[in-house]
Each structure stands twice: as C-alpha cells, then as structure tokens.
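Asks: My questions will all concern the structure given below.
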Amino acid sequence: MKQVYIDTFGCQMNVADSDRMELLLFHSGYARTTHMEDADLILVNTCSIREKAEQKIFSLFGGIKHLKEANSDVVMGLTGCLAQQEGERLLKRIPFLDFILGPDHVEHIPQAVDRVLETQQPLTWNDFDKQKNYSIPEVSGQPQKATHPSAFVNIIKGCDKFCTFCVVPFTRGREKSREAEEIYAEVRTLVNQGAKEIILLGQNVNAYGKRGLETPVAFHELLYGIAEIPGVERLRFTTSYPGDVTPELLQAYADLDILVNHLHLPAQSGNNRILQVMRRGNTVEEYMALIETLKTQTPDIELSTDIIVGFPGETESEFEDTLKFMEQVGFSSSYMFCYSPRPNTPAAEFLDDVPEPVKKERLQRTIECQSRLTQIQGEKYLGKEVEVLIEGHATRKGTRFMKGRNPHYWQVHFSGDENGFGPGDRVKVRVEAVSGHTLRGQAVV
Ligand code: 5AD
Ligand code: SF4
C-alpha cells in the first residue's frame, strides 16, 4: 500500500474532513502514516480563520520543501479553508504544490490525486458545490481505527450569518444540513464501533434544518431523535449561534438526560455597539435573557464562549464591557482571540485601529479574567463526585493517572487505574484539586 501523511490545522470540522479523506484514500490504496518522510502523498488540511493560523501553514511548507526536492514523485496537496480562500494564488507562493482542494471537495480527494498523477500538472479544485443537499456517501469496509469513546458527526456545513470579521461564509459556503436519517445511521454505526459520546459538528449547528432538507427536521428534534438511539450515553454539539437558539432547544436541556449540561455559545463581545458592527444579530441583553432562561430551567448548566478583543474601533470602555459581561455570565472557559483582518470580509475594510500592543494587553486581561472565573467554577467541584467518561491514560509516560471528561467538559485526571478501567468506561471521581480547566481526584469504587 502507498502511504499518506495528513497534517490538520484548525477546528473539529477540519479534523472530521481529514478523517473522511483518510477513509476515502484507504479505498484507493493509501494507508495513513505518521512519518512524513515515508509518505507518497502529503496533505495539509488548512485553516484561515485568523492570520496566525495562515502563517503557521506557510512556515510548515517552508519546512517540507526539501522532501519534494529529494523526491519529485511525492504528491503534495493543500486542502481546507486556505485552499478555498486563496485558490490558484497559492501556486505562486508554494510553487511545488501539486493540488489545491477546497472543503466542498473532500469527497473528490482520490480523483484529485489520480488526476495529478496522470497529468503531472498542478490542479486547483475549489468551486463551491451548489447542490442543495449535503450528503456524506456511505463508504463500506472502514479501516480499523482505535475506538475513541467520543465521536464527531457532521450535521451541517457552511454559514449564512456573515459576521463582519469572519471568513467562514467565504471558505465554507452556505449553510447546508444533512438528512436526519443519514445522521442517525452514522450515529448507530459509531455506537456499534464503541462510541459512547456523540459530538454534533458544524460551523453553526443550531441552524440545522432551517431549510433545504427533503424531510424537514428541526435541530431540537434531531437531538430528541439521537437520544432514542440505544447506546448513546452522552450528546453534545459545537458550535452554536445565539440568534438560532430556540425555546425548544433550551427545553431539550431540561428534558434530555444524555444532553450534557454544557453549552458553547460564542458571544464575541459584551458591548452592544461592537456586537452591532460585528453584525452578530443579538444584543448583550438578548444573550443574557437566553442564559437566564437556560439557568432557570437547567440550574446545573455551564457555559463557554469565544471572545474577540481589539475589534476595529473598540475603545477601552467597550472592552471593559466585555470583561464585565464575562463576569456576569460566569463562563467556565473561553477561547479568546486578538482580532485580525481576514480577506473578503467586510471588517477588513474597517480601519484596524487598535494598536497591536493594546490588543495583546486586552487579550492578557481577558485571559486573566477567564482564569479567575474558571477557578471559581472549578472550586465548586472540590469534595464532590463527578462522572468521567474515560479517554485513556494521562499523557505523562508511566503515569498511573487516567484522564477523561465530565459532562461539563472539564478535563479530569484521576488515579485508580488499578481497578481495570479502560477507555469508554464511565466512573465516579471525587475531586480533590483544580488547576486551570482540569480537575484532579480519585476514582470512587
Ligand atoms: N479575528 C479574530 N478572531 C476571529 N474569529 C473568527 N474570525 C476572527 C478574526 N478575524 C474567532 C471567533 C470565532 C472563532 C472560531 O474564531 O471568536 O467564534
Ligand atoms: Fe463566522 Fe460563526 Fe459568524 Fe458564521 S456565525 S460568520 S461561522 S462567526
């Protein structure tokens, strides 16, 4: 068998796309290798959400140029969001690339490789798939993979929201939902392969089903449907959009035991003027009202979020509103970013007037604020028992510690593996310490 090396940057959608490419290539005679030097085919699945992500990719290619120089038969492909955004222009910047494949063409990876081998010409394949339906054809005879207790399932791709800072609508195209029956079938397969937790994926999962499905199913109905599949022990989804949160979705948290009491709901800012120029479609008050309802119906709920600091025109006091907002909500964790202008986006036309050192200083203060909030949340667990879905041994070599996550998505490290626990088991752990977003303790047997 030939060998393929795949490097993946960015979000879980990209991880899922890389898995998909691996599977399709397996059927064309490629086995995945973790050694780039041994590969006949090198794929870099890219991200362009922020400038930093892009820089990393260009420096990676700088570092692998010698492999192509040493062996011109090695095929090199760049896939994912940067492929979509930059297309053919990438051939100027990385002249030894063999092909560029946008995220809408993940399904065509074997054909792209074949065509390059046949024609010996570089190929760019990044037009959008205009077909209304989003279907992932079943491929039989999957390669045997180590079963992970948590499995990702794509339910929707693209985004129609066009927040002014965000490149996703340009790299991933319009929102397209996948037929519910196809999703249920994939969940059943994953459960049969040993998955215990299903994580629904999409740039905007809770826009699921809004249009284009042959059999209309709303997002909350999909959750109830998955909850009926035997063997699904935990259900979560990421990432969601405040404007698409419905009362029925909030009710699902109260109704469904397997739906974990953790919601990742990107807020981006805690100031109404900034939210408006970001074109987020909601105010701080609307966000707070959602959360109040959720907390009333599901008191055990924890929230996490995404925050951007240093958006064009953001004043010191507008930034401080974000800190106050974070305190008010009491997020258990946040992904926090300095704003960077992205190609094609409306905000790229705005004056990027917050100086870089100010952005960095605001980011630092946001990180400190979140660390405090995480600590406060974490201390609530001290002396209590949490349920952990075991992923395996903690990373340190020779350690007797095991790791997993609780329903609220805290990493939990615990001792007690002498009891013969393994990945996929759910155990109770008594929490003795908290550091960052990690809880530490002992298994309760
Ligand atoms: N600059 C900084 N952060 C961004 N994000 C998206 N676009 C940008 C940008 N141009 C962040 C948002 C989003 C997360 C995935 O990445 O917070 O929710
Ligand atoms: Fe980007 Fe999310 Fe806004 Fe869509 S909703 S444009 S993915 S930030």
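The values are calculated or read from the model by the stated rules, or taken from the named source; none is laboratory data. These numbers come from a predicted model, not from an experiment. Glycine gets a Cβ as well: all are built from the backbone with ideal geometry, and neighbour counts include every protein chain shown. Ligands, DNA and RNA are excluded from the accessible area calculation, which covers all protein heavy atoms including side chains. Shrake-Rupley method; radii C 1.70, N 1.55, O 1.52, S 1.80 Å.
Asks: Quick one: VAL191 ticks every box in (1) in a loop (DSSP other than H, G, I, E, B); (2) open to solvent by 20 Å² or more (accessible area, probe 1.4 Å); (3) away from ligand 1 (no atom under 15 Å from the Cβ) except a single one, so which number is it?
Replies: If we test VAL191 against (1) in a loop (DSSP other than H, G, I, E, B); (2) open to solvent by 20 Å² or more (accessible area, probe 1.4 Å); (3) away from ligand 1 (no atom under 15 Å from the Cβ), just (1) comes out false.
Asks: Could we say that GLU314 is open to solvent by less than 20 Å² (accessible area, probe 1.4 Å), of a type outside the set (Val, Ile, Thr) and over 26 Å from the mean Cα position of the chain (by Cα) here?
Replies: yes
Asks: Mind listing just one residue for me: the one in the stretch 159-186 that is hydroxyl-bearing (Ser, Thr, Tyr) and surrounded by fewer than 20 Cβ atoms within 10 Å (Cβ to Cβ) and, of those, farthest from ligand 2 (Cβ to nearest atom)?
Replies: Among them, the one singled out is TYR184.
Asks: Right, here's the next one. Considering only the stretch 346-359, I want to know if a residue exists there that is within 26 Å of THR239 (Cα to Cα), open to solvent by less than 70 Å² (accessible area, probe 1.4 Å), away from ligand 2 (no atom under 16 Å from the Cβ) and in contact with a Lys or Arg (Cβ under 8 Å, 6 or more places away or on another chain).
Replies: The answer is no, given that none of the residues of the stretch 346-359 is within 26 Å of THR239 (Cα to Cα), open to solvent by less than 70 Å² (accessible area, probe 1.4 Å), away from ligand 2 (no atom under 16 Å from the Cβ) and in contact with a Lys or Arg (Cβ under 8 Å, 6 or more places away or on another chain).
Asks: From ASP7, ASP19, which residue is part of a strand (DSSP E or B), under 23 Å from the mean Cα position of the chain (by Cα) and closer than 30 Å to CYS159 by Cβ?
Replies: ASP7
Asks: May I ask you to verify whether ILE109 is in contact (Cβ under 8 Å) with a residue 24 or more places away in the chain, of a type outside the set (Lys, Arg) and within 21 Å of LYS2 (Cβ to Cβ)?
Replies: yes
Asks: Right, next: For the structure I just gave you, tell me whether SER334 is farther than 30 Å from LYS380 by Cβ, hydroxyl-bearing (Ser, Thr, Tyr), in the same structural domain as ASN271 (by TED's automatic domain parsing) and open to solvent by 10 Å² or more (accessible area, probe 1.4 Å).
Replies: No.
Asks: Let me ask something additional. Can you tell me which residues in the stretch 259-279 are assigned to a strand (DSSP E or B) and either of a type in the set (Lys, Arg) or within 12 Å of ligand 1 (Cβ to nearest atom) (or both)?
Replies: Answer for the stretch 259-279, where residues must be assigned to a strand (DSSP E or B) and either of a type in the set (Lys, Arg) or within 12 Å of ligand 1 (Cβ to nearest atom) (or both): HIS264, GLN268.
Asks: Take LYS360 and decide whether it is under 20 Å from LYS52 (Cβ atoms) and basic (Lys, Arg).
Replies: yes
Asks: Are any residues in the stretch 244-264 aliphatic (A, V, I, L, M) and closer than 22 Å to ARG211 by Cα, and if so, which ones?
Replies: VAL245, LEU249, LEU250, ALA252, listed by residue number.
Asks: Can you tell me which residues in the stretch 25-52 are farther than 15 Å from TYR5 by Cβ and crowded, with 18+ Cβ neighbours inside 10 Å?
Replies: Selection gives CYS47, SER48, ILE49, ARG50.
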